[in-house]
Amino acid sequence: MENIDLGSLGGITIKYYSGDVPPPYCCQYELAIDFQNQLFSRYKIEYLFREELTEAEIIDEGFAPDDNFSWKGNLPVLWEEEFEEVLAKTSWIKKKTNRNAEDPIIEVTMMDLEGNVMVGYPGEMDLWLYFMEEAIQAVYELAGRSKPLLIKYMDLGEEPAFKVDIEAKFSVRSFTVTKEQNGLAPVVKEYPWHDLKHTLKDIYLPDYNWEAVVQGKPKKGAKYLDPGKAPGLNLTVG
């Protein structure tokens with residue numbers, strides 16, 4: 001399948017399957033977008049095989065007893081440009097043959113303005129996995145199921161003490177950093193959205209010594225990190 005021009009598309013449907021991973025992680029979702037109707041979108045996610053687990057086991061893994069969810073609404077118009085960019089970077093393969101059973105699958109169905117349907121699998125899986133995680137988090141924000149991602153860092157060992165708040169609003173793709181020191185007015189700076197992935201790498205990928213971590217209110221001389229958590233977000237930043 002050749003590269004796709006967004007201007008020739010009437011709509012797109014992305015289907016995701018997590019692969020044969022154990023519950024409560026195993027899931028499938030579908031996101032359908034109408035490019036001719038102000039990016040009207042339909043989203044639904046279903047978690048599979050959870051009947052094999054008790055409610056306590058599901059909660060212990062950080063999930064809710066029922067995480068199935070559906071939503072209808074319009075994505076902000078800026079997302080049209082984002083889909084255009086990811087489509088331009090994609091080479092398509094008709095069938096995913098060289099995959100392990102536990103590998104995720106993304107299937108993309110596109111309909112042109114004349115009603116012709118094209119189905120393909122993106123060759124750039126890492127690109128699509130990360131992009132779709134961002135898109136799904138945008139859906140959760142728009143649905144009111146999630147607040148923007150907020151990461152807090154505080155260093156009480158410095159004089160004066162300072163703190164940094166990192167806020168990512170996926171629905172409008174806004175990435176801001178607020179720095180504040182005692183006695184000084186906060187300084188807010190907005191960064192390009194695509195810089196966010198590198199920032200998340202710096203926060204989530206280090207091999208922290210969790211045995212030395214102390215939970216609770218920060219004390220003088222300590223460093224404090226709240227990495228934040230968003231229900232629809234499990235970003236693949238590696």
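The values are calculated or read from the model by the stated rules, or taken from the named source; none is laboratory data. Computed from a predicted structure; not experimentally measured. FYI the Cβ positions are ideal-geometry reconstructions off the backbone, even for glycines, and counts take in every protein chain you see. Side chains are part of the model used for accessible areas, which takes the heavy atoms of the whole protein and leaves out ligands, DNA and RNA. Shrake-Rupley method; radii C 1.70, N 1.55, O 1.52, S 1.80 Å.
Structure data summary
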quantity	calculated
Accessible surface of the chain [probe 1.4 Å, protein heavy atoms]: carbon and sulfur percent	50
Rounded if a/c under 1.5, otherwise prolate or oblate - the range 10-92, Cα gyration tensor axes	prolate
The range 16-144 shape via C-alpha gyration tensor axes, a/c threshold 1.5	oblate
Net dipole in debye of the range 18-114 [+1 Lys, Arg Cβ; -1 Asp, Glu Cβ; about Cα centre; nearest 20]	400
Most to least packed among 132-145, 178-191, 46-59 [average Cβ atoms within 10 Å]	132-145, 46-59, 178-191
For the range 74-160, with +1 on Lys and Arg beta carbons and -1 on Asp and Glu, the positive-most of Ser91, Met111, Leu127 along the dipole	Met111
Charge dipole (debye, nearest 20) of the chain; +1 at Cβ of Lys and Arg, -1 at Cβ of Asp and Glu	580
Simple spin-label estimate for Asn182 and Ser70 in nanometres, 7 Å along Cα-Cβ	5.5
Mean Cα-pair separation over length for the chain, i.e. relative contact order, pairs under 8 Å, 6 or more apart, %	17
Of Lys169/Lys197; Lys15/Lys169; Lys152/Lys197; Lys95/Lys197; Lys189/Lys220, those spanning more than 19 Å from alpha-carbon to alpha-carbon	Lys15/Lys169; Lys95/Lys197; Lys189/Lys220
Stretch gain in nm, segment His198-Ala56, where the contour uses 0.36 nm per residue and the Cα spacing is subtracted	47.6 nm
Alpha-carbon centroid distance for the pair the range 113-147 / the range 58-110, whole angstrom	4
Inverse of mean 1/r across different Cα pairs in the chain, Kirkwood, Å	20.1
Label-point separation, Asp20 to Glu102 (7 Å along Cα→Cβ), nm	1.2
All aspartates and glutamates inside 17 Å of Lys147 as judged from Cα atoms, apart from same-chain residues fewer than 8 positions distant	Asp67, Glu133, Glu134, Asp165, Glu167, Asp226
16 Å Cα-Cα reach of Lys72 towards aspartates and glutamates, excluding residues that sit fewer than 8 places from it in its own chain	Glu30, Asp34, Glu46, Glu141
